[in-house]
Amino acid sequence: MSQQQEAVATTDADSLSLWNNWDFLRLLFGRFVTNAGDSLYTIAGIWLVYDLTGSSFYTGLAGALLLLPPALQFISGPLVDRWPLIQTLVWTQLIQAVLILSIPVAAYFDRLTVGLVLLTIPLLSFLNQFVYPAQNAALPRIVEKGELTRANSAFSFANQGTNMVFDALGGVLIALIGVVSLFVLNSITFVIAVLSFVGVTVPERSETTNETADIDVSGYLSDLREGVQWLQGTVFTEMMLTTAVTNFGTGVMLAVLPGFAAARGGSILYGALLGAIGAGGLTGALIASRLTHIRYGAIRIIGLGIGFVTWFVAVYSPWPALTVVLFALTGVPMGVTNVMGQTLIQTVTPEDLLGRVTSVDASVATLTVPLGSLLGGVAGSTFGVVPTMAVAAFSFAFVSLYFTARPHLRRLPAVDNIEEEKFIHRETAQPPASNPE
């Protein structure tokens, strides 16, 4: 058998093993349903704020409050590394199922205000900051290392797939049943997620101590510091910062998107645009496992360069249908780089640090999303939604040029040929000094 045939046979065997893994399938389905719930309350919450106020400033504020909790994942990381993962998943979903019902209950008694929405939505988002690190920490412990890229692609597929379907469906449902009724449906999704997570078995870490059961402030801060210190001096630091730039642009875009859509087609177009971004991300997640032989640096440079062009043209397209298609194309490189970036961290990071490292990475990378949303709302109200959306596209162009200008980023290897010295402490990649003797 040739080497190529052996590689294909190995790939098929890995894929078969992954889809026969019952714990992985339950975790994946839970991810799908959880993300469906996220999509529904995101589109419903922001559109409800716009419906109540008619202001891009308030939608920007709502987006900032909604997107601020992901920047606080560094708080959840040390706790996720200590708490039982499945219990964490179950309880967060149950609390969200109850909390989200406060909005339809307030509407029923004619007590619904924009203040209640601005309070409830970020609380829901904060609870999910325990869900995603817990799922990411569980994944490497229930699948084989060689299956990790495919598993992450499947998780990203669940994420982007639900974004595509439920963002678009959310816009349609708002038009059909009303935005308040959508929150009732949203509560049901969290109950379904609970039923999926119950019964998942996650093996213990290979290095487990009794200290993991004890949580104190000093230990918590020490755990958090370890995650930050591990990241310092690695290429992941610059990768986080450049992702923060693209996320800033995304935050700006999300703030003005309701006003942009309302001027051209209403809630259905709003859902279609969000769904298009999800569709592009889904496509990127699906093809990511086919691109693992291409240098990661090249993927970031070319992908984000193309993404800038499609985003900018979409803003000024005179046809809504073309705008939707171009937004979908913009999401493709985002989906590819998200999957590959997550795989790189999971592969290189020590297992006992994975929860806190991924949470710190997510926090730094997403810290600029709420800031972008807040400033985007102000800019949209001051300068108009169209020029604000166009300027936000330059965040993609900046990162593409930055990777081009930095040799160690431009030359980052392919995901299936990871050289750890390229990521961890770049100075270790230098040849050792000669012996003075």
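The values are calculated or read from the model by the stated rules, or taken from the named source; none is laboratory data. Keep in mind that this is a model prediction, so the values were computed, not measured. Ideal geometry is used to build each Cβ from the backbone, glycine not excepted, and the neighbour counts take in all protein chains shown. For the accessible areas, the whole protein counts, side chains as well, though only heavy atoms, and no ligand, DNA or RNA atoms are used. Shrake-Rupley method; radii C 1.70, N 1.55, O 1.52, S 1.80 Å.
In whole percents, the pair-distance distribution calculated for the stretch 268-416 from its alpha-carbon pairs, binned every 10 Å from zero, is 11, 33, 37, 15, 3, 0. Couplings for the stretch 91-100, taken from phi via the Karplus curve 6.51 cos²θ - 1.76 cosθ + 1.60 with θ = phi - 60°, read 5, 5, 5, 5, 5, 5, 4, 7, 4, 5 Hz in order; Gly and Pro are left as x. For the pair Ala405 and Ile302 in one chain, pulling the backbone fully straight at 0.36 nm per residue adds 35.8 nm over the alpha carbon distance.
With Cβ to Cβ distances under 13 Å as the rule, what net charge do the other residues near Thr162 carry (K, R +1; D, E -1)?
On the way: positive: Arg31; negative: Asp38, Asp167.
Once all neighbours under 13 Å are counted, the net charge is -1.
Across Ile100, Ile192, the residue with the most accessible area heads the list, and the full order at a 1.4 Å probe is Ile192, Ile100.
Taking the radius of gyration and the Kirkwood hydrodynamic radius from Cα positions alone, what is the Rg/Rh ratio for the stretch 253-340, to two decimal places? Mind dumping the intermediate values first?
Numbers: Rg = 13.7 Å, Rh = 13.3 Å.
Rounded to two decimals, Rg over Rh is 1.03.
Taking every Cα-Cα distance in the stretch 79-179 and sorting them into 10 Å bins from zero, the calculated P(r) comes out as 12, 31, 35, 17, 5, 0 percent.
Residue by residue, the stretch 265-270 carries 3J(HN,Hα) couplings of x, x, 4, 5, 5, 4 Hz when phi is fed to the Karplus relation 6.51 cos²θ - 1.76 cosθ + 1.60 (θ = phi - 60°); x denotes Gly or Pro.
Taking amide H as placed 1.01 Å from N in the peptide plane, the amide H of Thr234 sits under 5 Å from that of His425, each at least 5 places away or on another chain. Which trypsin sites (Lys or Arg not before Pro) in the stretch 246-321 pass both tests, a DSSP loop state and at most 15 other beta-carbon atoms within 10 Å? Qualifying residues, ordered by number: Arg290.
Report the FRET efficiency, 1/(1 + (r/R0)^6), for Phe394 and Ile294, where r is their Cβ-Cβ distance and R0 is 30 Å, rounded to 0.05.
0.75
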